[in-house]
Amino acid sequence: MTYASGRHFLQIPGPTNVPERILRAIDSATIDHRGPEFQQLGQAVLAGLKQVFKTRADVIIFPASGTGAWEAALVNTLSPGDKVLMFETGHFATLWFNMAKRLGLDPVFVAGDWRHGVDPAQVEAKLAEDKAHAIKAVMVVHNETSTGVTTRVGEVRKAIDRAQHPALLMVDTISSLASIDYRHDEWSVDVTVAGSQKGLMLPPGLSFNAVSDKAVAAAKSARLPRSYWSWDEMLANNRNGFFPYTPATNLLYGLREAL
């Protein structure tokens, strides 16, 4: 077997090239994830992520790809048969739509040409038609990896407010967080989905849900089956910097350095 000399250089939408200082941070001894040293690490990354999401809300870390965080967003807030409003802005928006169907939701998928982000006027019109408030969530992709198309999330929020609709707003920021301006609190997003391998310039393996109080309240009555993805135990353990199961300790070292 032969090996190329020098550092491998990625030229793809993601994962990104991981900086040397991140690699050095990851290359540390794995510590006891129930001990005081880990507690300091956990508290540091959980607090630091809030600055990246521009939020005071809780940010949950999963040892998973962004697909896992997609599923966590759905199963923690929705019930079988719930109607959700989604938009065809590209390949990953379509994959999220397919997941919603497989989980037993009833997605309304607004067709698109993969050249434009979500039209806030369409959001407002669809919600205005929904007099019975059957739509429980509006789900958009902030930046579509497959096309580079970006959605104006702040304007989507204004459209929801103009329609005076109570639907949750969920946003996929897997390729935009830490790359494009994003404001979880200011835009009143209920669940922000993100991953480690793009703007944060980490290896794949971590994903995130930033969750509003409204989303946490919705989780109390949501009936989609969940166990591993449940927010309840995560939030309870995170209060003290810990996790309910074995975390990706060395990736958290890298995350602390990235933050």
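One table, with the values for the structure above:
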read-out: The one condition in (1) touching a His at 6+ places or on another chain (Cβ under 8 Å); (2) assigned to a loop (DSSP other than H, G, I, E, B); (3) crowded, with 23+ Cβ neighbours inside 10 Å; (4) of a type outside the set (S, T, N, Q) that F242 fails to fulfil; value: (3)
read-out: Number of positions in region 1-30 that are among the basic types (K, R) and either touching a Leu at 6+ places or on another chain (Cβ under 8 Å) or at pLDDT below 85 (or both); value: 1
read-out: Yes/no for R102 being more than 22 Å from S230 (Cα to Cα) and basic (K, R); value: no
read-out: Test: residue in region 136-150 that is more than 22 Å from A194 (Cα to Cα) and either modelled with pLDDT of 95 or more or of a type outside the set (K, R) (or both); value: no
read-out: M201, sole failed condition from (1) under 18 Å from L85 (Cβ atoms); (2) hydrophobic (A, V, I, L, M, F, W, C); (3) part of a loop (DSSP other than H, G, I, E, B); value: (1)
read-out: Residue list for region 2-61, restricted to those being in a loop (DSSP other than H, G, I, E, B) and basic (K, R); value: R7, R34, K54, R56
read-out: Residues of region 154-176 classified as out of contact with any Leu (no Cβ under 9 Å at 6 or more places or on another chain) and assigned to a helix (DSSP H, G or I), total; value: 4
read-out: Of residues in region 63-102 being buried (at least 19 other Cβ atoms within 10 Å of the Cβ), outside any helix (DSSP H, G or I) and not β-branched (V, I, T), the one farthest from the chain's Cα centre (by Cα); value: D82
read-out: Restricting region 1-37 to residues that are among the hydroxyl-bearing types (S, T, Y) and in contact (Cβ under 8 Å) with a residue 40 or more places away in the chain, the residue that is surrounded by the most Cβ atoms within 10 Å (Cβ to Cβ); value: T16
read-out: Subset of region 104-132 (residues that are surrounded by fewer than 18 Cβ atoms within 10 Å (Cβ to Cβ), among the hydrophobic types (A, V, I, L, M, F, W, C) and part of a loop (DSSP other than H, G, I, E, B)); value: A111, W114, A132
read-out: Unique match (being touching a residue at least 12 places away in the same chain (Cβ under 8 Å), among the polar types (S, T, N, Q) and either closer than 30 Å to P19 by Cα or in contact with a helix residue (DSSP H, G or I) (Cβ under 8 Å, 6 or more places away or on another chain) (or both)) among S212, S221, S179; value: S179
read-out: Failed criterion for Q40 (all others in (1) out of contact with any Pro (no Cβ under 9 Å at 6 or more places or on another chain); (2) closer than 30 Å to E144 by Cβ; (3) touching a residue at least 60 places away in the same chain (Cβ under 8 Å) hold); value: (2)
read-out: Of the criteria (1) over 13 Å from Y253 (Cβ atoms); (2) in contact with a Lys or Arg (Cβ under 7 Å, 6 or more places away or on another chain); (3) at pLDDT 95 or above, which one A44 fails; value: (1)
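The values are calculated or read from the model by the stated rules, or taken from the named source; none is laboratory data. The structure displayed is predicted, hence computed values, not measured ones. Glycine gets a Cβ as well: all are built from the backbone with ideal geometry, and neighbour counts include every protein chain shown.
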